[in-house]
Amino acid sequence: MSTSHCIHIDLDGAWPRDSTPAESYVDCRDWGPRLRYSTSRREIESFHAFVREREAKFTLFGSGDFHHLTALWLRRLREPFVLLSFDNHPDWDIRPPRWCCGTWINRALELPALRQAAIWGCGNFELNWPGYLFVSRRALRTGRLEVWPWIDRLGASGRKRWHGVERRDWKEEFSKFAQRCSGLPVYITVDLDSLERGASVTNWENGLFTAADITWALAEIRTHAEVVGGDLCGAYSEPRYARWTQRFAADRDHPEEPSVSDDEATECNARSFRIIWNALTAG
């Protein structure tokens with residue numbers, strides 16, 4: 001299978017059609033409601049069969065509600081690689097549903113070629129007790145999973161458990177991580193909810209990175225390792241679901257809707273997209 005350089009898989013209209021070159025656009029909006037937030041094994045495999053021949057080195061797709069699709073994009077990698085995720089949420093929950101935007105890291109950890117997954121920029125309640133009870137302890141113990149959260153977003157329980165980072169030292173810690181990746185293939189996934197409020201409008205809570213922070217980190221990784229692929233998701237879109245069970249679980253999990261217009265959200269996300277996408281797909 002030949003792999004093109006970039007593709008825009010449109011699941012929900014979160015990104016304008018012309019975000020990437022028109023020849024790399026695939027209209028998957030009929031799939032969106034079936035895949036959003038959570039889905040079944042049968043649906044995920046049917047979707048993968050539909051898009052497999054269209055896969056690309058770099059993928060732009062919709063809301064962070066679809067972040068579990070990253071585990072599909074990773075399937076094309078056969079040689080040992082490191083997964084680097086920029087995300088305000090760890091997406092590590094070991095509880096059902098199996099295919100969900102909050103559980104997909106475990107699907108990635110099942111891939112034989114995945115050497116390590118590292119999540120940078122987390123800052124939500126799942127890093128505190130009792131949320132951290134639902135992470136794969138085996139993955140943490142063996143070092144296949146690393147988490148680098150923002151210390152000032154952690155509660156007392158989280159600060160005791162995690163070696164986090166602060167604005168003053170995160171680049172130093174990230175440089176050490178990049179050096180440990182020396183000579184290894186790296187796949188990078190960027191969720192826009194890792195960005196601070198004002199730099200992105202998403203369906204989830206915002207993190208603390210700036211777009212410039214992400215581009216610095218991407219350049220730092222490329223200094224030491226080969227980037228073999230990546231994706232970007234996390235723009236806001238109006239939730240639409242195929243099943244009431246999706247809607248019920250998602251409504252309980254999501255924060256309040258952002259108080260901006262669709263045009264304002266699109267303009268805000270477009271600014272950060274241009275900065276990050278150019279850095280992600282460089283080379």
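Helices in the chain, meaning DSSP H runs of at least 4 residues, each add -39500 (n - 2.57). Divided by all residues, the mean residue ellipticity at 222 nm is -9000 deg cm²/dmol.
All Cα-Cα separations within the stretch 1-102 were binned at 5 Å from zero, giving a P(r) of 2, 12, 23, 25, 22, 13, 3, 0, each value a whole percent of the pairs.
The stretch 25-165 has equivalent-ellipsoid semi-axes of 27, 16, 13 Å, by the square roots of 5 times the alpha carbon gyration tensor eigenvalues, sorted largest first. The mean accessible area for residues of the stretch 111-158, using a 1.4 Å probe and ignoring ligands and nucleic acids, is 45 Å² per residue.
The GluC sites (Glu not before Pro) of the stretch 38-116 meeting both criteria, a DSSP state outside H, G, I, E and B (loop) and at most 14 other C-beta atoms within 10 angstrom of the site's C-beta, are GLU110. Over the stretch 30-139, Cα pairs under 8 Å with separation of 6+ residues give a relative contact order of 28 percent. Using the Cα coordinates of the stretch 144-188, the gyration tensor eigenvalues translate into equivalent-ellipsoid semi-axes of 23, 12, 8 Å, sorted from longest to shortest. Restricting the calculation to Cα atoms, every distinct pair contributes to the Kirkwood radius of the chain, found to be 18.7 Å. Applying Stokes-Einstein at 4 °C and 1.567 mPa s to the Kirkwood radius of the stretch 120-245, computed over alpha-carbon pairs, gives a translational diffusion coefficient of 80 µm² s⁻¹.
Translational diffusion coefficient of the stretch 85-138 (Stokes-Einstein, Kirkwood radius from Cα pairs, 4 °C, 1.567 mPa s): 112 µm²/s.
The values are calculated or read from the model by the stated rules, or taken from the named source; none is laboratory data. All values derive from a computational prediction rather than experimental measurement. Cβ: placed from backbone, ideal geometry, glycine included. Neighbour counts: every protein chain shown. Only protein heavy atoms, including side chains, enter the accessible area calculation; ligands, DNA and RNA are left aside. Shrake-Rupley method; radii C 1.70, N 1.55, O 1.52, S 1.80 Å.
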